[in-house]
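A short worksheet on the structure shown next.
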Amino acid sequence: SQQGEEDPQALSIQEGENATMNCSYKTSINNLQWYRQNSGRGLVHLILIRSNEREKHSGRLRVTLDTSKKSSSLLITASRAADTASYFCATPRGRYGGSQGNLIFGKGTKLSVKP
Amino acid sequence: EAGVAQSPRYKIIEKRQSVAFWCNPISGHATLYWYQQILGQGPKLLIQFQNNGVVDDSQLPKDRFSAERLKGVDSTLKIQPAKLEDSAVYLCASSFRVQSSYEQYFGPGTRLTVT
């Protein structure tokens, strides 16, 4: 089954710097999602990128998708202390799309932004 | 709009005891998910409902876990009897449609500690 694996496992940066997290997966997908989880809370959806898209922006977030390499990256620009959280990529279970809507989450990247 | 509600937020039980978690999804969301998140890992799907029917329970340990969504709205997840390895955060999520391209909205979770 496909699974997203984030890299690095942990990242520590200063406020104002950019943070880049990567996700690799195993099989073909039709979309990939990124979620954020603040300490002790539920996950929040950040962005979805479809397989026919190469790049997508949302505020300070930029997501890229390279289906040939089966990888995605999440870039947070001008980071803030409030961005401190764990970030997960999620891919559909089941080949070519996951019509049932199930997602497989990676282990996440723990981002720490120091003021 | 109100988010996904879960209760209780925290629960401590002894092994071999029973426990139940409750979830109320966002109004109008037909699809409901229960996830288990062990410390340091991403959420793992336990069961998925579409209205009051089960779509996927392939990863639910059915010898001890059960879940229901009788009227297609609220849902309960039960563990009986609990084991030490069940210590985790149990997350409920809902989405408007079943397809994986629809974002999932997560509740705050229930942190279960089994001693």
Kindly provide the set of residues from segment A:41-62 that are closer than 14 Å to residue A:75 by Cβ and free of Cβ contacts under 8 Å to residues at least 12 places away in the same chain, ordered by number. A:55, A:56, A:57, A:59
Consider residue A:114 carefully, then state whether it is more than 10 Å from chain B (Cβ to nearest Cβ), under 22 Å from residue A:14 (Cα atoms) and of a type in the set (Lys, Arg). yes
Can you confirm whether segment A:42-60 contains a residue that is closer than 23 Å to residue B:36 by Cβ and assigned to a loop (DSSP other than H, G, I, E, B)? yes
Of all residues being more than 10 Å from every other protein chain (Cβ to nearest Cβ) and crowded, with 23+ Cβ neighbours inside 10 Å in segment B:83-107, which is nearest to residue B:59 (Cα to Cα)? Just the residue, please. B:90
So if I check each of B:37, B:41, which one is of a type outside the set (Ser, Thr, Tyr), at the interface with chain A (Cβ under 9 Å from one of its Cβ atoms) and surrounded by fewer than 16 Cβ atoms within 10 Å (Cβ to Cβ)? B:41
Checking residue B:31 against (1) within 12 Å of chain A (Cβ to nearest Cβ); (2) over 20 Å from residue A:43 (Cα atoms); (3) among the polar types (S, T, N, Q): exactly one of these is not met. Which one? (2)
Flagged in segment A:68-81 as in a loop (DSSP other than H, G, I, E, B) and over 10 Å from residue A:24 (Cα atoms), in numbering order, are A:68, A:77, A:78, A:79, A:80
Check segment A:9-23 and report whether any residue there is free of Cβ contacts under 8 Å to residues at least 24 places away in the same chain and either surrounded by fewer than 22 Cβ atoms within 10 Å (Cβ to Cβ) or within 22 Å of residue B:102 (Cβ to Cβ) (or both). no
Tabulated pairs, segment A:71-84, first modelled with pLDDT of 95 or more, second of a type in the set (Lys, Arg) and in a strand (DSSP E or B), C-beta under 6 angstrom, 6+ apart or interchain: A:75/A:62
Only listed residue being modelled with pLDDT of 95 or more and more than 11 Å from chain A (Cβ to nearest Cβ), chosen from B:15, B:71: B:15
Residue list for segment B:44-68, filter: more than 14 Å from chain A (Cβ to nearest Cβ) and out of contact with any strand residue (DSSP E or B) (no Cβ under 9 Å at 6 or more places or on another chain): B:62, B:63
I'm told residue A:40 meets every condition in (1) surrounded by 13 or more Cβ atoms within 10 Å (Cβ to Cβ); (2) under 25 Å from residue B:112 (Cβ atoms); (3) modelled with pLDDT under 95 except one. Can you identify the failing condition by its number? (1)
Under 7 Å between Cβ atoms, at least 6 apart or on separate chains: pull out the pairs that start in segment A:29-40 with a residue that is more than 8 Å from every other protein chain (Cβ to nearest Cβ) and end on any residue that is part of a loop (DSSP other than H, G, I, E, B) and modelled with pLDDT of 85 or more. A:29/A:51
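The values are calculated or read from the model by the stated rules, or taken from the named source; none is laboratory data. What you see is a predicted model; the values in this text were computed from it and never measured. Cβ atoms come from the backbone with ideal geometry, glycine included; neighbour counts cover every protein chain shown.
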